[in-house]
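The values are calculated or read from the model by the stated rules, or taken from the named source; none is laboratory data. Treat the numbers as computed from the prediction; the structure is a model and nothing was measured. Backbone-built Cβ (ideal geometry, glycine too); neighbour counts: all protein chains shown.
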Amino acid sequence: MRIGGPATRWTVTVVVLMLVFAVVSGFLVVGRHHDYRTYRNDLGNMVQVVDNTAHGRVLEMTGADGRQISRLAAHVDPILALFAIPWLLWPDPAMLLILQSVLLALTAWPAYRLGQRALGDPAAGAACAAAALLYPPLQFAALDEFHPVTLAIPLLLFAFVALEEDRRWLAVPFLVLAALCKEEIPLVIGLLGIYFAIRRRQRWPLLITVAAGAYFLLAVGLIVPHFNDAPSEFLDRYSGGEPGLRSLAWGLVSHPWRLVTTLLGQDGLRYLVKLLWPFGFASLLSPLTFLISLPELLINLLSSKPQQQSIAYHYVAGEVPFVIAAMILGLRRLAGVAGRRAKPDRPERVAPARPERLRRLLAGLVVLVALVATFTVGPLSGARTGWGLERSAAHRSVIAEALAQVPPDAPVSADNALGAHLSDRVRVYTFPMLHGADFVVLDSQGRYGPWRARELERLREDPRYRLVFEKEGVLVFERVK
């Protein structure tokens, strides 16, 4: 490849697009954090786990009941431990948010490689990369605080492209890291193995399926119960009766029609439309590729948690890579069909650039649809509500002054909205749980303040604590020595 050639120019274009995505999404999500619109029960949990791991307490966190537990008691996402390394250099929640934005931006690279391979043109490949970065579920995932499972998006797409290029050993580290992002990711990895066994007409991809299935059973059936003395919380949303992996499996086998009606029912179809229309439904042209995401689709659609039926949360992580891959392979199929229909009786008269123009046109149309989706249903449209109350600069200054009253290592109880800024310590509780906290920090004017009015009055009357700070509804209590 000569320097400055077309492929090189499109490669540079994709790199620039990735940088723009990383900078913009990083700026927005860090801005939300500095505006106190990130929460203890999301970002704060991850911050505490990473901080504790960096100080030798591997994957330790404060549970909902106030006990110190392993993160593995809630979710099997040990990839969090890797973030302890950069945390030693930059111990700030902003590091996690920015690094997540950078890693998600890398999704464009395998999309570019797959697009260039499938469509035979670097310009069309670059368009596929641009469409991937404009995909609203990917953008929402970048802004939905920090979640380890979100990192599975680029990892799974890198693995898919490596397997598509028949570089199986290159796919292995991506698959292993993706499996470490959350306990259900091995389910889509297992289906990925079946997909390539069918595509390649070879048996070796089934080794991926066997390994992924074994790890899923280990994670959900043994690891979580070992650390939690109970079945995985993940299973409680699905069993509909006695919780446990066996009851879930039996429910799926004994009621297969429920799977069909869930996917084809009103809620299921609405969710599928939200996933697919930002690419102009091109993903449906490669249905087997799209169906790799079936385990995650069922997990979300069968869940009793409504956020899992929305594209605006991190729950789409197991679906996004395969929607993108199916879109690209679907464009290849569409270009092939359109090219054959447009072929005249005398093929020698066809201009050689015509197939290239057709593929670029189709990829460009997908970019256009994705751009429309970005501004109509994406985060820039304000489609997701509930991202927290915007605070004035003066109120943010008061909160910062209040947080400065708390020593770095003191056990603290805080409301959910402020907890993300106080979680880099051994013990942190969510108010009204006190559990021996030395300090209590609350914002009675925030999103969670009105809900805790009665508990706040009890705290004011509690002789164990004295009020040491109060401005604009922001309060700090200190335990009486």
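Of everything in region 269-316 that's of a type in the set (A, V, I, L, M, F, W, C), out of contact with any Ser or Thr (no Cβ under 7 Å at 6 or more places or on another chain) and outside any helix (DSSP H, G or I), which residue is surrounded by the most Cβ atoms within 10 Å (Cβ to Cβ)?
ILE311
Of the residues LEU371, LEU389, LEU365, LEU442, which single one is in a loop (DSSP other than H, G, I, E, B) and either in contact with a Lys or Arg (Cβ under 8 Å, 6 or more places away or on another chain) or at pLDDT 95 or above (or both)?
LEU389 is the lone residue from the list that is in a loop (DSSP other than H, G, I, E, B) and either in contact with a Lys or Arg (Cβ under 8 Å, 6 or more places away or on another chain) or at pLDDT 95 or above (or both).
Out of (1) closer than 27 Å to ALA81 by Cα; (2) buried (at least 17 other Cβ atoms within 10 Å of the Cβ); (3) at pLDDT below 95, what's the single condition that is false for ALA230?
So the condition that ALA230 fails would be (2).
If I filter region 393-421 down to residues being among the charged types (D, E, K, R) and either under 13 Å from ASP35 (Cβ atoms) or not in a loop (DSSP other than H, G, I, E, B) (or both), which single residue comes out as farthest from the chain's Cα centre (by Cα)?
Just the residues of region 393-421 that are among the charged types (D, E, K, R), to begin with: 396, 401, 409, 415.
Among the residues that remain, those that are also either under 13 Å from ASP35 (Cβ atoms) or not in a loop (DSSP other than H, G, I, E, B) (or both) are: 396, 401.
On the way: ARG396: 28, GLU401: 32 Å.
Only one residue tops the list, namely GLU401.
Taking the conditions exactly as written (surrounded by 20 or more Cβ atoms within 10 Å (Cβ to Cβ), free of Cβ contacts under 8 Å to residues at least 60 places away in the same chain and touching a helix residue (DSSP H, G or I) at 6+ places or on another chain (Cβ under 7 Å)), does LEU163 satisfy them or not?
Numbers: surrounded by 20 or more Cβ atoms within 10 Å (Cβ to Cβ): yes; free of Cβ contacts under 8 Å to residues at least 60 places away in the same chain: yes; touching a helix residue (DSSP H, G or I) at 6+ places or on another chain (Cβ under 7 Å): yes.
Criteria met by LEU163.
Do we find a residue being in contact with a Gly (Cβ under 7 Å, 6 or more places away or on another chain), of a type in the set (S, T, N, Q) and buried (at least 19 other Cβ atoms within 10 Å of the Cβ) anywhere in region 143-156?
Among the residues of region 143-156, not one is in contact with a Gly (Cβ under 7 Å, 6 or more places away or on another chain), of a type in the set (S, T, N, Q) and buried (at least 19 other Cβ atoms within 10 Å of the Cβ), which makes the answer no.
Among the numbered criteria (1) modelled with pLDDT under 95; (2) β-branched (Val, Ile, Thr); (3) under 22 Å from VAL188 (Cβ atoms), which single criterion is violated by THR289?
(1)
Name the residue, out of ARG452, ARG425, ARG466, that is under 27 Å from ALA141 (Cα atoms) and not acidic (Asp, Glu). Show your work before the answer.
Working: ARG452 fails: under 27 Å from ALA141 (Cα atoms); ARG466 fails: under 27 Å from ALA141 (Cα atoms).
Residue meeting the stated conditions: ARG425.
List, please: which pairs have Cβ atoms under 6 Å, are six or more places apart or on different chains, and start with a residue in region 260-289 that is free of Cβ contacts under 8 Å to residues at least 40 places away in the same chain and end with one that is among the aromatic types (Phe, Trp, Tyr)?
Partner pairs satisfying both residue conditions: none exist.
Scan region 190-206 and tell me whether some residue there is more than 22 Å from the chain's Cα centre (by Cα), at positive phi and at pLDDT below 95.
Yes, the conditions are met somewhere in region 190-206.
For region 446-466, state whether one or more residues are within 30 Å of the chain's Cα centre (by Cα) and either in the same structural domain as LEU96 (by TED's automatic domain parsing) or in contact (Cβ under 8 Å) with a residue 40 or more places away in the chain (or both).
Within region 446-466, one or more residues are within 30 Å of the chain's Cα centre (by Cα) and either in the same structural domain as LEU96 (by TED's automatic domain parsing) or in contact (Cβ under 8 Å) with a residue 40 or more places away in the chain (or both).
Which residue, of LEU106, LEU138, LEU134, is among the aliphatic types (A, V, I, L, M) and surrounded by fewer than 23 Cβ atoms within 10 Å (Cβ to Cβ)?
The match here is LEU106.
Which one of these does VAL47 not meet: (1) outside any strand (DSSP E or B); (2) surrounded by fewer than 20 Cβ atoms within 10 Å (Cβ to Cβ)?
It is condition (2) that VAL47 fails.
Anything in region 21-44 that is surrounded by fewer than 16 Cβ atoms within 10 Å (Cβ to Cβ) and under 16 Å from ALA141 (Cα atoms)? List them, or say none.
Selection gives VAL23, PHE27, GLY31.
Are any residues in region 66-91 in contact (Cβ under 8 Å) with a residue 40 or more places away in the chain and part of a loop (DSSP other than H, G, I, E, B), and if so, which ones? Even if it seems obvious, please write down each step before you answer.
Let us first name the residues in region 66-91 that are in contact (Cβ under 8 Å) with a residue 40 or more places away in the chain, namely 66, 68-70, 72-80, 91.
Residues satisfying the conditions are GLY66, ALA74, HIS75, VAL76, ASP77, PRO91.
Tally time: how many residues in region 50-65 are assigned to a helix (DSSP H, G or I) and under 17 Å from LEU422 (Cβ atoms)? Talk me through it step by step, then tell me what you get.
The initial filter retains those residues of region 50-65 that are assigned to a helix (DSSP H, G or I), namely 50-54.
Pick out the ones that are also under 17 Å from LEU422 (Cβ atoms) and you get 50-52, 54.
Residues in region 50-65 being assigned to a helix (DSSP H, G or I) and under 17 Å from LEU422 (Cβ atoms): 4 in total.
Scan region 374-386 residue by residue and report those that are surrounded by fewer than 17 Cβ atoms within 10 Å (Cβ to Cβ) and at pLDDT 90 or above.
Scanning region 374-386 gives PHE375, THR376.
What number goes with the only condition from (1) in a loop (DSSP other than H, G, I, E, B); (2) over 30 Å from SER381 (Cα atoms); (3) of a type outside the set (Phe, Trp, Tyr) that LEU163 does not pass?
It fails just one condition, (1).
Listed here are the residues, each with its yes/no results for (1) modelled with pLDDT under 95; (2) under 21 Å from the mean Cα position of the chain (by Cα).
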residue: VAL14; (1), (2): no, no
residue: PHE21; (1), (2): no, yes
residue: ASP51; (1), (2): no, yes
residue: ARG57; (1), (2): no, no
residue: GLY66; (1), (2): yes, no
